[in-house]
Protein chains: 2
Amino acid sequence: MTRSSFADVDCGVAQAVEQLGDKWTVVILRSAFHGIRRFDEFSEHLGIAAKVLADRLAKLVDAGILYKQKVEDDGRAVEYKLTQKGLDTYPMIIFLNDWAERWLGNSKGPRIEVVERKTGRPIRPVHVLAENGKVLSAYDTFMRNGPSGSEVLNRSQRIVARRRGNDLR
Amino acid sequence: MTRSSFADVDCGVAQAVEQLGDKWTVVILRSAFHGIRRFDEFSEHLGIAAKVLADRLAKLVDAGILYKQKVEDDGRAVEYKLTQKGLDTYPMIIFLNDWAERWLGNSKGPRIEVVERKTGRPIRPVHVLAENGKVLSAYDTFMRNGPSGSEVLNRSQRIVARRRGNDLR
DNA sequence: CTATTTTACTTTCTTTAAGAAAGTTACATG
DNA sequence: CATGTAACTTTCTTAAAGAAAGTAAAATAG
């Protein structure tokens, strides 16, 4: 991708995408959740070009998603670990895995099972839930401006209204 | 991004990223959830180069995430709409919005509120949940091979074991 | 019924980033 | 003290992004 910064776009999704919306970034995070920490480990696990890996790790550190920690008893080594902000991307990783198994999976069942450590039981699929816990589809919700408003939402509403046919379908 | 196909990588996240892991793709989906449907609407809403938009829409249609529908009473117009596979990406969009508000937001509160259509009440944040509905962090879970196994998971486990220090922290 | 607009792209050209391979630096190990 | 290792950086080529202009078919205006 070439110079398309969403950093100033007045929309949460755009801003999140600015920090997370790159193929390598997402698989780097996945590897981090698998316990991968070091430059050469990411390199081996992902088969990524060193230049690109260095670039992405630096961006993730800049964004506060990973932090860099010197390894006690080896003056050369550093480890890249997930910050709280990084750990908080876990639902996205789990969701992508769920979605892929549902829509791109083979018939032999899931490749990976994510289980609760304490009980060894599978977790729930990641869903959008109502206040009362019921699963919601996109049709069951709508978006409105919150306290700080979104010009992006306003503009989409104007565009859609111009054409009419305001449902998603 | 240049020629890095994850299509053959034996990992759900990688395969999902192959179809969804591009900045423009994600904001196109967001706009679709806002009701945007036509080429020029996406173009206006996103400020994306026409070439790139045409490319991404074609890929989304190929992937079965959008479908193309001729408009009844205008022989020129087509509309791009979300398939079920596309509608199923909704948790990702909501998650990205949540995550951005938490980690990149201003102090004035959220830009957008997503509410249940039926009740007008806000939805829950997107989380990873245990079977019993409790919110789980990455630390509370682990991943193991499922019925069809993942070489990617095996390799990461081997890499991590070689170094030891098997926790995420 | 001809001229202008509109819709949905496509083409061309330049700039930027990805990818492969080799090189570098500081520290560690035999 | 020579070799190895960890974490990059440099160099070079190729592919994709972005800007701008162009095109074809259908619709609308006068």
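The values are calculated or read from the model by the stated rules, or taken from the named source; none is laboratory data. Fair warning: this is a prediction, and the values are worked out from it, not measured in the lab. Every residue, glycine among them, receives a Cβ derived from its backbone with ideal geometry; neighbour counts consider all protein chains shown. These accessible areas exclude ligands, DNA and RNA; they are computed on the full protein's heavy atoms, side chains included. Shrake-Rupley method; radii C 1.70, N 1.55, O 1.52, S 1.80 Å.
Assess whether B:Val61 counts as being more than 9 Å from chain A (Cβ to nearest Cβ), among the hydrophobic types (A, V, I, L, M, F, W, C) and more than 13 Å from DNA strand D (Cβ to nearest atom). It is true that B:Val61 is more than 9 Å from chain A (Cβ to nearest Cβ), among the hydrophobic types (A, V, I, L, M, F, W, C) and more than 13 Å from DNA strand D (Cβ to nearest atom).
Only a single criterion out of (1) at pLDDT 95 or above; (2) open to solvent by less than 80 Å² (accessible area, probe 1.4 Å); (3) away from DNA strand C (no atom under 16 Å from the Cβ) is not satisfied by B:Glu131, namely (2). In the range B:128-145, is there at least one residue being of a type in the set (Gly, Ala, Ser) and under 25 Å from A:Asp8 (Cα atoms)? No, every residue in the range B:128-145 fails to be of a type in the set (Gly, Ala, Ser) and under 25 Å from A:Asp8 (Cα atoms).
Could you tell me whether any residue of the range A:35-42 is aliphatic (A, V, I, L, M) and out of contact with any Ser or Thr (no Cβ under 9 Å at 6 or more places or on another chain)? Within the range A:35-42, not a single residue is aliphatic (A, V, I, L, M) and out of contact with any Ser or Thr (no Cβ under 9 Å at 6 or more places or on another chain). Test of understanding: among A:Ala49, A:Ala32, which residue is touching a strand residue (DSSP E or B) at 6+ places or on another chain (Cβ under 8 Å), facing another protein chain (nearest Cβ under 10 Å), farther than 15 Å from B:Trp103 by Cβ and small (Gly, Ala, Ser)? That would be A:Ala32, the only listed residue that is touching a strand residue (DSSP E or B) at 6+ places or on another chain (Cβ under 8 Å), facing another protein chain (nearest Cβ under 10 Å), farther than 15 Å from B:Trp103 by Cβ and small (Gly, Ala, Ser). Condition check for B:Phe39 on (1) at the interface with chain A (Cβ under 7 Å from one of its Cβ atoms); (2) surrounded by fewer than 23 Cβ atoms within 10 Å (Cβ to Cβ): one failure, at (1).
When you go through B:Glu101, B:Glu44 one by one, which is the residue that is at the interface with chain A (Cβ under 9 Å from one of its Cβ atoms) and within 16 Å of DNA strand D (Cβ to nearest atom)? It would help to see each step written out before you state the result.
Working: B:Glu101 fails: within 16 Å of DNA strand D (Cβ to nearest atom).
The conditions single out B:Glu44.
I'm checking my understanding of the structure. Among residues of the range A:107-117 that are open to solvent by 100 Å² or more (accessible area, probe 1.4 Å) and at the interface with chain B (Cβ under 7 Å from one of its Cβ atoms), which one is farthest from the chain's Cα centre (by Cα)?
Initially, the range A:107-117 is screened for residues open to solvent by 100 Å² or more (accessible area, probe 1.4 Å), giving A:107-108, A:117.
So of that shortlist, the ones also at the interface with chain B (Cβ under 7 Å from one of its Cβ atoms) come out as A:108, A:117.
On the way: A:Lys108: 26, A:Arg117: 22 Å.
By that ranking, first place goes to A:Lys108.
Only residues that are without any contact (Cβ under 8 Å) to a residue 24 or more places away in the chain, more than 13 Å from the chain's Cα centre (by Cα) and more than 9 Å from DNA strand C (Cβ to nearest atom) were counted in the range B:71-94, giving 5. Here the range A:23-64 is the region considered, the condition is being away from DNA strand C (no atom under 14 Å from the Cβ) and free of Cβ contacts under 8 Å to residues at least 12 places away in the same chain, and the residue that is farthest from A:Gly75 (Cα to Cα) is A:His34. Looking across the range B:1-20, just one residue is in contact (Cβ under 8 Å) with a residue 12 or more places away in the chain, within 12 Å of DNA strand D (Cβ to nearest atom) and facing chain A (nearest Cβ under 7 Å), and that is B:Met1.
B:Val114 passes every criterion in (1) among the aliphatic types (A, V, I, L, M); (2) more than 13 Å from DNA strand C (Cβ to nearest atom); (3) touching a residue at least 24 places away in the same chain (Cβ under 8 Å) apart from (3). Restricting attention to the range A:69-81, does a residue exist that is open to solvent by less than 40 Å² (accessible area, probe 1.4 Å) and more than 16 Å from DNA strand D (Cβ to nearest atom)? The answer is no; no qualifying residue exists.
Annotation: B:Ser43 fulfils all but one of (1) part of a strand (DSSP E or B); (2) touching a helix residue (DSSP H, G or I) at 6+ places or on another chain (Cβ under 7 Å); the unmet one is (1).
From the list B:Val17, B:Val13, B:Val52, pick out the single residue that is of a type in the set (A, V, I, L, M) and surrounded by fewer than 22 Cβ atoms within 10 Å (Cβ to Cβ).
On the way: B:Val17 fails: surrounded by fewer than 22 Cβ atoms within 10 Å (Cβ to Cβ); B:Val13 fails: surrounded by fewer than 22 Cβ atoms within 10 Å (Cβ to Cβ).
From the options B:Val17, B:Val13, B:Val52, the qualifying one is B:Val52.
Residue selection: B:Ala32 fails the criterion of being modelled with pLDDT of 95 or more, more than 29 Å from A:Gly146 (Cβ to Cβ) and in a helix (DSSP H, G or I).
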